[in-house]
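J.: Can you read through this structure? Questions will come right after.
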Amino acid sequence: MTEPTFLLVHGSWHGPWCWDALRAALAKRDVTSEAVALPSCGADPSALGGFFDDAAAVSAAAAAIAGEVIVLGHSYGGAAISEAAYGPNVKRLVYVGAFMPDAGRSSVSYLPPGPLAPYIGLRDDGTMEVPAGQAVPSFYHDCAPDVAAAAEARLCLQSQAVLGPSATRAAWREIPSTYVVTTLDQALPADFQRMFAAQATETVDFEASHSPFLSRPDDFANLLVRIASAVPARETA
């Protein structure tokens, strides 16, 4: 039986590069993966897309993969994979320290009242940046120093246009889902994640920061292999 392909969807300020270590670990385990570049993240403020552009990019990437697919969304990427539309080849959604909004809700609507988290820096050009000194303690505190520094150096701008729109669909209501709670998370605390995890088909705790694909790529790959092995095979005539 051919194993499903993982489609990896990054969160705010990141890009497909953040999955490199995990993709290498998956490849060693004979698991195929692809990574999406979300239009809302980039270097040019005038060229950035919004929430629905991100969802469309996920939809297109999933449709382009031959065979069965598991779509994994990290952080804000969880909102994008929830809004995306899928064909029958998508067998499971995986949320990792992620937003998992229901239809009619925006991700921001789930945040507690008060100021935004200190790692969210609003700019006058309609984008958000991660202020100096915030990335490592928020996202990478359990990563090797060189890994954390390299990741911080590659962070880009994030469009503020992802903040306002409410979701029009919740794909997790139709497709089985796994929520991976990153229990050491300093960006989206575990208790906040469990609000979303209660909606998932199953929940798994994983002892890591907000970025387990960077801090524990081999262990995280093992977890994903276990999730993939539980996905039912496609029925054939």
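J.: Is it the case that G164 is among the small types (G, A, S), over 25 Å from R29 (Cα atoms) and modelled with pLDDT of 95 or more?
T.: Numbers: among the small types (G, A, S): yes; over 25 Å from R29 (Cα atoms): yes; modelled with pLDDT of 95 or more: no.
In short, no.
J.: Sticking with this one: Which helices (runs of 4 or more DSSP H) does segment 1-120 wholly contain that include 2 or more residues that are under 20 Å from R173 (Cβ atoms), of a type outside the set (D, E, K, R) and within 13 Å of the chain's Cα centre (by Cα)?
T.: Output list reads 51-63, 77-83.
J.: Please specify each residue of segment 132-168 satisfying the condition of being touching a residue at least 40 places away in the same chain (Cβ under 8 Å), under 20 Å from G77 (Cα atoms) and of a type in the set (D, E, K, R).
T.: Across segment 132-168, the qualifying residue is only R154.
J.: Taking the conditions exactly as written (over 29 Å from P4 (Cβ atoms), loosely packed, with under 15 Cβ neighbours inside 10 Å and not basic (K, R)), does P88 satisfy them or not?
T.: Judged against the criteria, P88 is not a match.
J.: Only residues that are under 21 Å from P137 (Cβ atoms) and surrounded by 13 or more Cβ atoms within 10 Å (Cβ to Cβ): list them for segment 99-116, please.
T.: Residues satisfying the conditions are F99, L111.
J.: Give the residue that is surrounded by the fewest Cβ atoms within 10 Å (Cβ to Cβ), with candidates limited to residues of segment 20-35 that are closer than 17 Å to A57 by Cα and not aliphatic (A, V, I, L, M).
T.: Filtering segment 20-35 for residues that are closer than 17 Å to A57 by Cα and not aliphatic (A, V, I, L, M), the one surrounded by the fewest Cβ atoms within 10 Å (Cβ to Cβ) comes out as E34.
The values are calculated or read from the model by the stated rules, or taken from the named source; none is laboratory data. As the structure is a prediction and not an experimental result, all values here were calculated from the model. Note that each Cβ is placed from the backbone with ideal geometry, even for glycine, and that neighbours are counted across all protein chains shown.
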